[in-house]
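Participant: Handing you a structure now.
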Amino acid sequence: MVRDSPVARSLSAMKKTEKQRLKAAILEVINNQIRLNDPPETKKTLIRLRAQGFSEKEALKLMGYVVASEVFSVIGEKRQYDAKKYIAALEGLPRLPWEKEE
C-alpha cells in the first residue's frame with residue numbers, strides 16, 4: 001500500500017512546498033529519461049502501463065514512486081545508484097518496489 005511505504009513516510013514529514021518541488025523534480029527525471037530514451041525501459045514502462053489501462057497521469061505517478069524509492073534508498077543506505085535495480089522496479093510495475101511478490 002502506498003500510504004505505508006517508505007516513500008510516503010518520508011513525504012509526510014515534508015512541507016507542502018517541498019513536496020511540490022520534489023514531485024516536479026521526479027517528473028522531470030522521468031520526462032528526461034523518456035526524451036533521451038535512457039534508460040529505454042522508462043519509455044517502455046510508460047507504454048506498457050498505458051496499454052494495461054492506466055492513464056498517463058497514473059502511469060507517471062507509479063513510475064515516480066520507483067524514482068523516489070531509488071533516490072531514498074541511495075540516500076538512506078549510502079550506496080551508489082543501481083541501474084539494474086531501478087530497471088527491475090520499473091519492469092515490476094504496477095507492483096511497487098516495497099510491495100512483496102505474491
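The values are calculated or read from the model by the stated rules, or taken from the named source; none is laboratory data. All values reported here derive from a predicted model rather than from experimental measurement. Quick reminder, even Gly has a Cβ in these numbers, built from the backbone with ideal geometry, and neighbours come from all protein chains shown.
Participant: Taking only segment 18-29 into account, find how many residues are without any contact (Cβ under 8 Å) to a residue 40 or more places away in the chain, over 18 Å from LYS84 (Cβ atoms) and either in contact with a Phe, Trp or Tyr (Cβ under 9 Å, 6 or more places away or on another chain) or not basic (Lys, Arg) (or both).
Facilitator: 6
Participant: Taking into account only those residues within segment 1-29 that are at pLDDT below 65, farther than 12 Å from TRP98 by Cβ and not small (Gly, Ala, Ser), which is nearest to the chain's Cα centre (by Cα)?
Facilitator: LEU11
Participant: A further question on this structure: Given the criteria free of Cβ contacts under 8 Å to residues at least 40 places away in the same chain, touching a helix residue (DSSP H, G or I) at 6+ places or on another chain (Cβ under 6 Å) and assigned to a helix (DSSP H, G or I), does ALA68 qualify?
Facilitator: Here the answer is no, as ALA68 does not meet what is asked.
Participant: Could you list, in sequence order, the residues of segment 44-60 that are in a helix (DSSP H, G or I) and surrounded by fewer than 17 Cβ atoms within 10 Å (Cβ to Cβ)?
Facilitator: If the condition is that a residue be in a helix (DSSP H, G or I) and surrounded by fewer than 17 Cβ atoms within 10 Å (Cβ to Cβ), then LYS44, ILE47, ARG48, ARG50, ALA51, GLU56, LYS57, GLU58 are the ones that fit.
Participant: So, GLY92, is that one without any contact (Cβ under 8 Å) to a residue 60 or more places away in the chain, among the small types (Gly, Ala, Ser) and crowded, with 16+ Cβ neighbours inside 10 Å or not?
Facilitator: no
Participant: Hey, can you tell me all the residues within segment 61-72 that are surrounded by fewer than 18 Cβ atoms within 10 Å (Cβ to Cβ) and charged (D, E, K, R)?
Facilitator: Correct list: LYS61 only.
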